[in-house]
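These notes are about the structure you will find just below.
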């Protein structure tokens with residue numbers, strides 16, 4: 001779209017043309033000239049913006065899985081978000097690393113080669129502190145990791161690597177395996193220095209501790225699936241995989257979920273002394289009558305009313321009404 005000139009700029013342009021300061025032929029020549037963009041052959045652009053955007057979508061899905069699964073190990077709130085994506089050479093990535101580091105070398109089978117996962121050391125220390133019974137605080141000063149600490153971190157990294165299966169499923173079925181964990185960047189030279197890589201950086205917040213998790217994806221590893229790394233293919237593949245019986249399958253899975261159900265006969269308040277002296281045959285007076293309906297809870301939600309009874313040799317209740325959300 002051509003640039004829109006203001007009235008003052010138009011007046012100045014007409015004045016320059018009338019005085020001969022500006023030549024019309026010169027303007028036309030400048031417009032006909034092609035704008036040349038420099039191309040660096042030492043750093044060929046192998047990842048397009050479309051490729052990086054698709055990788056961001058994949059790792060956004062991956063981040064949601066981490067924020068769901070990692071709190072099960074740490075018993076602490078975890079927030080994950082994709083921070084950035086860029087293309088650099090591996091030498092630029094490796095030169096920016098400091099020691100000690102937490103580098104996971106991951107075999108990205110069936111694709112060729114490995115990828116590298118870089119976890120910030122402050123996150124590593126926070127995870128270790130939490131796994132060993134602490135509050136999840138990082139160290140004030142970095143130090144080398146012991147063998148026991150590396151074994152714990154390796155367990156967490158294996159879990160994180162296995163979570164990558166589902167987000168990549170729409171592109172390729174992968175079976176990632178953590179081959180080893182390195183704390184010295186010099187021992188993680190699994191990629192040629194001049195090879196182009198895609199860097200996906202994720203921001204992870206564990207409680208009050210915040211750090212980065214970086215994924216190094218070499219071009220030669222993703223070369224076989226580069227045509228599939230576009231949003232058009234990605235979303236069309238999701239649509240093709242949509243089964244007509246999808247809703248029925250989800251419903252059948254939900255039906256198998258176990259949830260606690262409890263029927264409350266009534267409530268009573270007694271002293272600790274009376275409670276401690278309770279004997280077999282003692283009666284506790286409740287706040288409900290015999291002919292009153294009982295409240296039935298599904299989880300912590302009051303869902304039904306019922307009458308007490310028995311079914312063969314077991315206690316049972318008979319549902320008398322269903323309570324809706326508005327009730």
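Structural remarks
- With Cα atoms defining each centre, region 251-269 and region 56-81 are spaced 29 Å apart in the structure.
- Taking the average, over residues, of other Cβ atoms within 10 Å as the packing measure, peptides 207-220, 70-83, 273-286 rank 207-220, 70-83, 273-286 from highest down.
- Residues 160, 131, 253 arranged by fewest to most Cβ contacts within 10 Å: 253, 131, 160
- Kirkwood radius for region 258-322, taken over all pairs of different Cα atoms as the inverse mean of 1/r, rounds to 13.7 Å.
- Ordering of 306-318, 48-60 by packing [mean C-beta count within 10 Å, highest first]: 48-60, 306-318
- Short-range pairs are left out: with C-alpha atoms under 8 Å and at least six residues apart, the relative contact order of region 133-193 is 28 percent.
- Report note on the peptides 117-128, 91-102: ranked by the mean count of other C-beta atoms within 10 Å, highest first, their order is 117-128, 91-102.
- Measure of compaction for region 49-251 (Cα Rg per 2.2 N^0.38 Å): 1.05
- Neighbour-count ranking [beta-carbon atoms within 10 angstrom, fewest first] of 172, 322: 322, 172
- The label-point distance for residue 261 and residue 283, in a model that sets each label 7 Å from Cα toward Cβ, rounds to 3.1 nm.
- Cβ-to-Cβ counts within 10 Å put 155, 289 in ascending order as 289, 155, the fewest first.
None of the figures in this text is laboratory data; all of them are computed from the coordinates on show. Worth saying up front: this structure is predicted, and the values here are computed from it rather than measured. Here Cβ is always computed from backbone atoms with ideal geometry, including for glycine, and neighbour counts include all displayed protein chains.
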